[in-house]
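Participant: There's a structure below that I have some questions on.
Bear in mind these aren't lab numbers, they're just calculated from the coordinates by the rules spelled out. Because the structure is predicted, anything quoted here is derived from the model rather than measured. Every residue, glycine among them, receives a Cβ derived from its backbone with ideal geometry; neighbour counts consider all protein chains shown.
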Amino acid sequence: MSLTLILNENDVFKSNSQKIRVMSELWVESNIFCPNCGKTLNKFENNRPVADFYCEGCKEEYELKSKKNTLGQKIVDGAYSTMLERISSDNNPNFFFLTYSSHNFEIRDFLSIPKHFFGKYD
Ligand SMILES: [Zn+2]
């Protein structure tokens, strides 16, 4: 298992955050199996709101959040309302949290948090 994010030579993305997104998705795709059933994870097409991967076996969905250095207390997400809607829905995703070193792109942490821990509690 490789523990470093690899920059794709054909990467045409300009911004750092896009590069990291592509690199971390590639890492998950080649190293991580479905925590629920052990089968292969597939990538959804880009720009799908809140879900990056799905399992070809059990159909669970996974959203990947990557952050440099440490997890800290907050994970920033793009669209708050989309996220809120998604985690309250019937097929809310499980989450992967990945942290990497900003110096050498080594992976520091990789966590899988089951979907049951996210939701709206009234
Ligand atoms: Zn599965």
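Participant: Answer rounded, prolate or oblate for the range 1-40, using the Cα gyration tensor with square roots of eigenvalues a ≥ b ≥ c: rounded when a/c is under 1.5, else prolate when a/b is larger than b/c, else oblate.
Facilitator: The shape class here is prolate.
Participant: Using 1/(1 + (r/R0)^6) with R0 = 30 angstrom and r between the beta carbons of K19 and F117, what's the FRET efficiency to the nearest 0.05?
Facilitator: Efficiency for this residue pair is about 0.55.
Participant: With runs of 4+ DSSP H residues as the only contributors, calculate the mean residue ellipticity of the chain at 222 nm using -39,500 (n - 2.57) per run, divided by the residue total and rounded to the nearest 500.
Facilitator: Only helices count here, giving -6000 deg cm²/dmol.
Participant: Could you give the length gained by full extension between S89 and E45, i.e. 0.36 nm per residue of separation minus their alpha carbon distance, to one decimal place?
Facilitator: 13.8 nm
Participant: Normalised by the empirical 2.2 N^0.38 Å for globular proteins, what value does the Cα Rg of the chain take?
Facilitator: On the way: Rg = 14.3 Å, N = 122, 2.2 N^0.38 = 13.7 Å.
Output field value: 1.05.
Participant: Quick check on the chain: of the DSSP beta bridges with both residues there, what percent are antiparallel, nearest 5%?
Facilitator: Taking every DSSP beta bridge with both residues in the chain, the antiparallel ones total about 65 percent.
Participant: Which angle between 0 and 90 degrees, to the nearest 10, do you get for helix 16-31 versus the longest principal axis of the chain when only C-alpha atoms count?
Facilitator: 80
Participant: Test of understanding: given the chain, find the longest segment containing no trypsin sites (Lys or Arg not before Pro) that are in a DSSP loop and have at most 10 other Cβ atoms within 10 Å.
Facilitator: 15-73
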